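Novice: To start, I am sharing the structure in question, which I have written as structure tokens.
The values are calculated or read from the model by the stated rules, or taken from the named source; none is laboratory data. Everything numeric in this text was worked out from a predicted model, so none of it was measured. Here the Cβ positions follow ideal geometry from the backbone for every residue, glycine too, while neighbour counts run over all protein chains shown. Note: accessible area is taken over every heavy atom of the protein model, side chains too, but ligands, DNA and RNA are not part of it. Shrake-Rupley method; radii C 1.70, N 1.55, O 1.52, S 1.80 Å.
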Amino acid sequence: MTFIAIYLAVINIIGYAVMGIDKQRAIRGAWRISEASLFLTALLGGALGCTVGMRHFRHKTKHWYFKYGMPAIFLAQAALLSFILNRFF
């Protein structure tokens with residue numbers, strides 16, 4: 001259970017950071033992080049970090065699939081985690 005908590009903390013910090021890094025690269029006109037990589041980070045457990053980063057950095061908020069997709073992934077992950085914790089712990 002400690003491993004799960006540490007993993008989720010780390011992947012959400014990474015999710016937050018990649019949103020900030022991509023925003024800075026967008027401002028500078030530099031090489032960007034692909035949208036697929038941003039969604040992969042969210043799907044691997046970092047949806048909360050990606051959502052918070054998206055809103056904090058005001059990045060990708062005009063794209064409907066980010067605006068609604070990231071929170072939807074988070075809600076699905078929270079429901080799954082809740083089910084697992086209630087069922088097995």
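Novice: Would you please list the contacts, defined by Cβ atoms under 6 Å and residues six or more apart or on different chains, that run from a residue in region 69-89 that is over 16 Å from Met1 (Cβ atoms) to a residue that is of a type in the set (S, T, N, Q) and open to solvent by less than 60 Å² (accessible area, probe 1.4 Å)?
Specialist: Met70/Thr51; Pro71/Thr51; Phe74/Thr51
Novice: If you scan region 1-17, which residues turn out to be in contact with a Ser or Thr (Cβ under 8 Å, 6 or more places away or on another chain) and either basic (Lys, Arg) or surrounded by fewer than 21 Cβ atoms within 10 Å (Cβ to Cβ) (or both)?
Specialist: Correct list: Ile11, Ile14.
Novice: Let me ask something additional. Please determine whether any residue of region 7-19 is over 8 Å from the mean Cα position of the chain (by Cα), part of a helix (DSSP H, G or I) and among the aromatic types (Phe, Trp, Tyr).
Specialist: Within region 7-19, one or more residues are over 8 Å from the mean Cα position of the chain (by Cα), part of a helix (DSSP H, G or I) and among the aromatic types (Phe, Trp, Tyr).
Novice: Return yes or no: is Arg25 over 27 Å from Ala5 (Cβ atoms), open to solvent by 40 Å² or more (accessible area, probe 1.4 Å) and in contact with an Asp or Glu (Cβ under 7 Å, 6 or more places away or on another chain)?
Specialist: no
Let's see how each residue does on (1) open to solvent by 80 Å² or more (accessible area, probe 1.4 Å); (2) outside any helix (DSSP H, G or I); (3) modelled with pLDDT of 95 or more; (4) farther than 19 Å from Leu8 by Cα:
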| residue | (1), (2), (3), (4) |
| --- | --- |
| Ala30 | no, yes, yes, yes |
| Leu38 | no, no, yes, no |
| Leu43 | yes, no, yes, no |
| Cys50 | no, no, yes, no |
| Gly53 | no, no, yes, no |
| Arg58 | yes, yes, yes, yes |
| Ile73 | no, no, yes, no |
| Ala76 | no, no, yes, no |
| Leu81 | no, no, no, no |
